[in-house]
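The structure under discussion appears below in the form of structure tokens.
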Amino acid sequence: MSQSSAAYPSSAPVGVDTTRASIARVYDAALNGKDNYEVDREVLAQVRTVAPQVNDLAWANRDFLIRACRFLAKSGIDQFLDLGSGLPTAENTHQVVQRVNPQSRVVYVDNDPSVLVHGQALLASNSRTKIAEADIFRPLDVLGNATIRNDIDFSRPLAMFQIGTLHHYLGDDAAALMQTYIDALPSGSFVAIAHFFDPQIPEYSELAAKMEEKFIHSPMGSGRFRARDEIQAMFGDLEMVEPGLVRCDDWWPDGPHLTPLNAVRNCIVGGIGRKR
Ligand SMILES: C[S@@+](CC[C@H](N)C(=O)[O-])C[C@H]1O[C@@H](n2cnc3c(N)ncnc32)[C@H](O)[C@@H]1O
């Protein structure tokens, strides 16, 4: 047995480094998925020391994504560019939107080898759904990507997702990055964003700062909790769909909250903007 094969469990797909935490696998672990390793679970264990309910960040984010998919598909959008798709889980974007409209096209974009391997396997038999490899924080690369240009028609309205992604961008120019995407969208398109949030009130700000510190200094290396103004700026001058940028759990929930939202659930927001 070679040294490299000894270091990797046989269940790890080729190209997947099980010695470094990955954003996609940490998120999968938070959603109780099976495609993660000890190094990924350790990131959550570290954050859990300051935020015992850290998994709720992932659940609030994912449930927002599912409701956003339903809303957009029912609004007549039939092409979806899902930036930072994550590992396949229950209720993936293409499954939700193609249930509403089987003709919907979806292109997932990610740069994590685990996501690309699992995504390609899942999508092998779905001709209307593709996965493209690109760095979502390089908009011009994404906008010029051949798979994306082939499957998404930029002359017709589309939905673009940055759900659970931009807090992993550590630069200070996330609004400018998003503006490049927004400029490329035709009128009538939508942009959905969910982002870790610093509510800037003493009750939750301290928690947000502690979680950020743990995430950024963990082997995953990212997870910024930005203030409302910074997140709102990522929508540029898009017209916000009601109820605007709110806690993910408050964006058209499926029913009343049966218990008050815990502190962690106050630290993630989401919204959808429409290009006029
Ligand atoms: C937290 S997951 C969110 C998954 C999904 N959007 C959701 O909300 O359920 C973030 C995803 O973004 C991907 N990602 C992070 N940085 C990226 C980059 N620079 N380029 C492409 N994908 C990236 C990760 O690999 C991961 O799959």
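Read-outs: derived from the displayed coordinates by stated rules, not from any lab. Just so you know, these numbers come straight off a predicted model, no measurement behind them. Note that we place each Cβ from the backbone using ideal geometry, even for glycine, and neighbour counts take in every protein chain shown.
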In deg cm²/dmol, rounded to the nearest 500, the helical mean residue ellipticity at 222 nm of the chain, built from -39500 (n - 2.57) for every DSSP H run of length 4 or more, is -11500 deg cm²/dmol
If Lys and Arg each add +1 and Asp and Glu each add -1, what is the summed charge of the other residues whose beta carbon sits under 15 Å from the beta carbon of L207?
+1
Given H placed 1.01 Å from N in the peptide plane, which residues other than close sequence neighbours of I268 have an amide H under 5 Å from its amide H?
F197, C248
Put +1 on the Cβ of each Lys and Arg and -1 on the Cβ of each Asp and Glu in segment 208-276; which of M211, Q232, G270 then has its Cα farthest toward the positive end of the dipole?
M211
Just the projected area, averaged over all directions, of the convex hull on the alpha carbon atoms of the chain: how many nm²?
14.7
Sequence neighbours fewer than 8 away in the same chain don't count; with that in mind, list the lysines whose C-alpha is under 28 Å from K210.
K34
Out of residues 5 or more away from A132 or on other chains, whose amide H comes under 5 Å of its own, with H placed 1.01 Å from N in the peptide plane?
Y108, V109, D110
Rg(Cα) of segment 173-276 divided by 2.2 N^0.38 Å?
1.16
The size of the Cβ-based charge dipole (Lys, Arg +1; Asp, Glu -1) of the chain about the Cα centre, to the nearest 20 debye, is 640
